[in-house]
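**Q** One structure, as structure tokens, below. Some questions next.
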Amino acid sequence: MKLDDELVNDFAVRSFRDVADADYIAARMACRATLLTQFLWASQQAVEKYLKCILLLNRIPATEVFHDLEKALTKINDSGHLALDLTARTKNFIEMLDQYGPCRYFEVSNFGFGADLITLDRAVWELRRYCTLAKELHHDKLRNGFSAPRLRISGGYLEKIIDDVKNQARGPLLWQNAFFGTRARKIVKLRKWFQANNAPLYLNPQILDEVSMYVHLPKQVKAAYREHSKQ
């Protein structure tokens with residue numbers, strides 16, 4: 001491997017995978033605290049960076065992906081380098097994050113459940129095994145009725161946190177986590193909650209043009225609300 005290849009891989013790991021690991025822990029904390037918008041945003045950020053790490057490690061050009069998770073997935077699966085083996089739950093979760101996650105200013109209505117924490121954990125486990133050049137980890141799979149395999153990436157940020165009993169992020173990472181930790185879990189106990197919030201623009205779409213004079217709103221959001229106001 002050429003020196004530049006090593007440096008590019010180091011960039012992929014430190015700028016994308018390691019930061020995604022931190023976003024993942026932040027998302028877990030937000031979910032536990034029922035901070036729904038923050039949970040969706042941090043989850044979207046984590047998934048986006050894991051996908052960009054996979055793209056860069058495999059040298060798949062993706063300069064136009066931006067924050068589009070579906071486009072990133074398509075780039076990977078159509079590249080001929082690898083295809084991601086993801087469960088239906090993880091695919092559905094990524095699709096949901098694509099819709100609600102980027103709306104960190106509460107531009108659109110959102111909803112969530114306490115059990116979404118398990119869905120996040122599963123999605124991170126499934127994506128993260130591809131965020132390494134250790135190809136043998138790509139073949140680890142989840143099986144119904146069995147605990148998730150203890151997947152460990154050499155030098156990984158999550159692994160460093162798990163191994164450091166004094167790390168302040170360790171508790172939020174391991175709390176009721178069936179996918180990452182020091183022991184296999186078959187049962188987790190979560191606080192049950194459901195939250196659904198109507199966005200201000202959904203309730204009052206007539207203010208759209210006035211708001212747009214002062215703040216930036218995505219084109220697709222404005223188009224959707226203009227269509228909504230006609231109904």
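The values are calculated or read from the model by the stated rules, or taken from the named source; none is laboratory data. Only a predicted model underlies this, so the values are computations on that prediction, with no experimental measurement involved. Virtual Cβ from ideal backbone geometry, glycine too; neighbours counted across all protein chains shown. We work out accessible area using only protein heavy atoms, side chains counted, and drop any ligands, DNA or RNA first. Shrake-Rupley method; radii C 1.70, N 1.55, O 1.52, S 1.80 Å.
**Q** Straight-line reach only, C-alpha to C-alpha below 27 angstrom: list the lysines that K75 could link to, leaving out same-chain residues fewer than 8 apart.
**A** Within reach: K2, K49, K52, K91, K135, K141, K219.
**Q** For the stretch 186-197, what does the Karplus curve 6.51 cos²θ - 1.76 cosθ + 1.60, with θ = phi - 60°, yield as ³J(HN,Hα) per residue in whole Hz, taken in order and with x for Gly and Pro?
**A** Using θ = phi - 60°, the values come out as 9, 10, 10, 10, 10, 6, 7, 8, 9, 9, 9, 10 Hz.
**Q** For every helix of n ≥ 4 consecutive DSSP H residues, a contribution of -39,500 (n - 2.57) applies; sum these over the chain, divide by its total residues, and give [θ] at 222 nm rounded to the nearest 500 deg cm²/dmol. Could you put the intermediate results ahead of the total?
**A** Values: 11 runs with 114 residues, N = 231.
Helix-only estimate at 222 nm: -14500 deg cm²/dmol.
**Q** Label the stretch 1-135 by shape, choosing from rounded, prolate and oblate, from the square roots a ≥ b ≥ c of the eigenvalues of the Cα gyration tensor; if a/c is under 1.5 it is rounded, and otherwise prolate applies when a/b is larger than b/c, oblate when it is not.
**A** Values: a/c = 1.91, a/b = 1.76, b/c = 1.08.
In terms of gyration-tensor shape, prolate.
**Q** For the chain, what mean projected area does the convex hull of the alpha carbons give, in nm²? Mind showing how you got there, number by number?
**A** Working: hull surface 59.4 nm².
For the chain, the mean projected area of the Cα convex hull comes to 14.8 nm².
**Q** Tell me, what is the per residue accessible area of the chain in Å², probe radius 1.4 Å? Before the final figure, lay out the partial values.
**A** Details: 12960 Å² over 231 residues.
Computed with neighbouring chains in place, this is 56 Å² per residue.
**Q** Rounded to a whole number, what % of the accessible area of the stretch 1-130 do carbon and sulfur atoms account for, probe 1.4 Å? Show your work: numbers first, answer last.
**A** On the way: 3240 of 5750 Å².
Of all accessible area on the stretch 1-130, carbon and sulfur atoms account for 56 percent.
**Q** Can you list residues from other chains, or at least 5 along the same chain, whose modelled amide H is less than 5 Å from the amide H of I60?
**A** Close amide H contacts, sequence-distant or interchain: none at all.
**Q** Sorted by average packing, counted as other Cβ atoms within 10 angstrom per residue and highest first, what order do 122-129, 135-142 take? Don't jump to the answer; show the numbers that get you there.
**A** On the way: 122-129: 23.1, 135-142: 12.2.
Averaged packing, sorted descending, gives the order 122-129, 135-142.
**Q** Under a Cβ-Cβ cut-off of 12 Å, what is the net charge of the residues other than F113 that fall near it, where Lys and Arg count +1 and Asp and Glu count -1?
**A** Numbers: positive: R191, K192; negative: D116.
The answer is +1.
**Q** Beyond 14 Å, what share of the Cα-Cα pairs of the stretch 41-106 remains, rounded to the nearest whole percent? Intermediate results must be reported in sequence, preceding the final value.
**A** Working: 1181 of 2145 pairs.
Here the tail beyond 14 Å accounts for 55 percent of pairs.
**Q** Now for a separate question. Summing +1 for each Lys or Arg and -1 for each Asp or Glu, what net charge is found among the other residues whose Cβ lies under 13 Å from the Cβ of V65?
**A** Details: positive: K49, K52, K71, K75; negative: E48, E64, D68, E70, D78, D98.
Summing Lys/Arg as +1 and Asp/Glu as -1 gives -2.
**Q** What does the net charge come to around Q176 if you take all other residues with beta carbon closer than 10 Å to its beta carbon, with K and R at +1 and D and E at -1? If you can, show how the numbers build up before the last one.
**A** On the way: positive: R28, R32, R185, K189, R191; negative: D121.
So the environment of Q176 carries a net charge of +4.
**Q** Taking each pair of distinct Cα atoms in the stretch 79-119 once, what is the resulting Kirkwood hydrodynamic radius in Å? If you can, show how the numbers build up before the last one.
**A** Details: mean 1/r = 0.0824 Å⁻¹.
It is 12.1 Å.
**Q** Then there is this: Between the stretch 181-231 and the stretch 92-121, how far is it from one alpha carbon centroid to the other, in angstrom?
**A** 9
**Q** In addition: Taking the radius of gyration and the Kirkwood hydrodynamic radius from Cα positions alone, what is the Rg/Rh ratio for the stretch 157-231, to two decimal places?
**A** Looking at the stretch 157-231, the ratio lands at 1.31.
**Q** Which whole-Hz couplings ³J(HN,Hα) result when phi for each residue of the stretch 90-99 is put into the Karplus expression 6.51 cos²θ - 1.76 cosθ + 1.60, θ = phi - 60°, listed in order with x for Gly and Pro?
**A** 5, 4, 5, 5, 4, 4, 5, 5, 4, 7
**Q** Enumerate the calculated ³J(HN,Hα) couplings along the stretch 36-50 in order (Karplus 6.51 cos²θ - 1.76 cosθ + 1.60, θ = phi - 60°), each rounded to whole Hz, writing x wherever the residue is Gly or Pro.
**A** Calculated HN-Hα couplings, in order: 5, 4, 5, 4, 5, 5, 5, 5, 4, 5, 5, 4, 4, 6, 4 Hz.
**Q** With point charges of +1 on the Cβ of Lys and Arg and -1 on the Cβ of Asp and Glu, referenced to the Cα centre of the stretch 145-197, which listed residue (F146, F179, Y157) lies farthest in the positive direction of the dipole?
**A** The residue sitting farthest along the positive end of the dipole is F146.
**Q** Can you tell me the FRET efficiency between E6 and N77 if r is taken as the Cβ-Cβ distance and R0 is 41 Å, rounded to the nearest 0.05? The partial results should precede the final answer.
**A** On the way: r = 27 Å, r/R0 = 0.65.
In this case the efficiency is close to 0.95.
**Q** Can you give me the long-range amide H partners of N110? Hydrogens built in the peptide plane at 1.01 Å from N, cutoff under 5 Å, separation of 5 or more residues or another chain.
**A** Residues meeting the criterion, in which the H sits 1.01 Å from N, are N197, A199.
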